[in-house]
Amino acid sequence: MKRRSFLDKSGLGLSTLLVAPKVWAEPKTTNSKNKPLVTPYAIATWNVPEAVNLAGTALEKGRNALDAAIEGVSFEESNLKNTTVGKGGAPDREGTVTLDACVMDHLGNCGAVMAVEQITHVASLAKEVMLKTPHVILAGEGARQFALSEGYLPENLLTPESKKAWEAWIEKSNYSPQINVENHDTIGMLCSDQLGNLSGVCTTSGLAYKMKGRVGDSPVIGSGLFVDNEVGAAVATGLGEEVIKTVGSFLIVELMRQGKTPQASCEEAINRILAKHPNKPDFQVCFIAVDTKGQIGAYSIHSGFTYTINKENKTTTQAVESVF
Ligand code: GLY
């Protein structure tokens, strides 16, 4: 379906679209003579060298931060060995894989998709929502239909390995969604391009064996991701319910606005969660954050969290400090 016919069918006239201001603004893709070039970098949650290398190479070529981040995470969305993102992600308790993602650019434009079936590259789809609809979020069947209308191909996202793991889970689980430190490893990526513009992306299959229709923090702007080009950006991984309750990524950016470093801001966001859990929790939450000076912060509840950064053609994965 072409865009015009999609809009006609959806009842969204062009007049509706024309009054939606920022969604049409494409992030800059070329260097500007008005602003000095700076060293770009890509940073992502977890040990994902291929993804940050792809993003870093795109940034070195002058791509804008948002497109570089989407290109980076698309590697993990296609990676069948990654059981927490994209194709091959763990399904819900009915055995259906549903994906969530959001994007946010340096102008404050954002887009998100929630609980999407059959579409692998949901980060890219979230950008399409941002650019081609008057909305910020599309969910479920509406998001899938929109993807098909934009030329995305439907795929079976449940691999034989993920199906086998789900069948083993269903045998002994009492159909009870499980919270632990391992089953929700979202990929969040923040990029700063040659103009020093910040953008971010968050993509996930969500909590393994979640209830049908459950959506976590990852596609929720402010919770899973927040970008303010004047201040910095933050992204979350871990148990989405806890990140949503404290609007974690927005909180971190606001703390940086008040003068805290990215590290101190991530620590305070984790402590806000822990303040509601007097005993050592059995769930994990982790944040990474950057500010406009290129300072980095990262913190998690439990040990084991890492982030990966590509800068000046060098990729390193760092262990992150944690409370426990
Ligand atoms: N952070 C991923 C989720 O909870 O769905």
Give the residue that is farthest from residue 293 (Cα to Cα), with candidates limited to residues of the stretch 226-238 that are surrounded by fewer than 24 Cβ atoms within 10 Å (Cβ to Cβ) and of a type outside the set (Val, Ile, Thr). 228
Out of 195, 207, report the one residue that is in a loop (DSSP other than H, G, I, E, B) and within 14 Å of the ligand (Cβ to nearest atom). 207
Looking only at the stretch 136-167, which residues are open to solvent by 50 Å² or more (accessible area, probe 1.4 Å), free of Cβ contacts under 8 Å to residues at least 24 places away in the same chain and not charged (D, E, K, R)? 145, 151, 153, 160
State which residue pairs qualify: first residue over 16 Å from residue 305 (Cα atoms) and inside the stretch 227-248, second residue of a type in the set (Phe, Trp, Tyr) and assigned to a loop (DSSP other than H, G, I, E, B) in any location, beta carbons under 9 Å apart, and separation of 6 or more residues or different chains. 241/283; 242/283
When residue 213 is evaluated against the numbered criteria (1) within 16 Å of the ligand (Cβ to nearest atom); (2) open to solvent by less than 40 Å² (accessible area, probe 1.4 Å), which criterion, by number, is the only one it fails? (2)
Quick test of your reading of the structure: residue 170 fulfils all but one of (1) open to solvent by 50 Å² or more (accessible area, probe 1.4 Å); (2) outside any helix (DSSP H, G or I); (3) away from the ligand (no atom under 15 Å from the Cβ). Name the failing condition by number. (2)
Restricting to the stretch 271-284, count the residues that are out of contact with any Ser or Thr (no Cβ under 7 Å at 6 or more places or on another chain) and crowded, with 16+ Cβ neighbours inside 10 Å. 3
Looking only at the stretch 79-111, how many residues end up being within 15 Å of residue 200 (Cβ to Cβ), more than 13 Å from the ligand (Cβ to nearest atom) and surrounded by 22 or more Cβ atoms within 10 Å (Cβ to Cβ)? 7
Out of 8, 67, sole residue that is among the acidic types (Asp, Glu), modelled with pLDDT under 50 and open to solvent by 10 Å² or more (accessible area, probe 1.4 Å): 8
Considering every residue within the stretch 91-99, establish whether at least one is closer than 30 Å to residue 231 by Cβ, modelled with pLDDT of 95 or more and not polar (S, T, N, Q). yes
Residue count, the stretch 240-257 (criterion: of a type in the set (Asp, Glu), more than 10 Å from the ligand (Cβ to nearest atom) and closer than 20 Å to residue 114 by Cα): 0
Count of residues meeting criterion [within 16 Å of the ligand (Cβ to nearest atom) and either touching a strand residue (DSSP E or B) at 6+ places or on another chain (Cβ under 8 Å) or aromatic (Phe, Trp, Tyr) (or both)] in the stretch 221-239: 11
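The values are calculated or read from the model by the stated rules, or taken from the named source; none is laboratory data. Here the structure is a predicted model, which is why all the values come from computation and not from measurement. Don't worry about glycine lacking a Cβ; one is built from the backbone with ideal geometry, like all the others, and counts go over all protein chains shown. Only protein heavy atoms, including side chains, enter the accessible area calculation; ligands, DNA and RNA are left aside. Shrake-Rupley method; radii C 1.70, N 1.55, O 1.52, S 1.80 Å.
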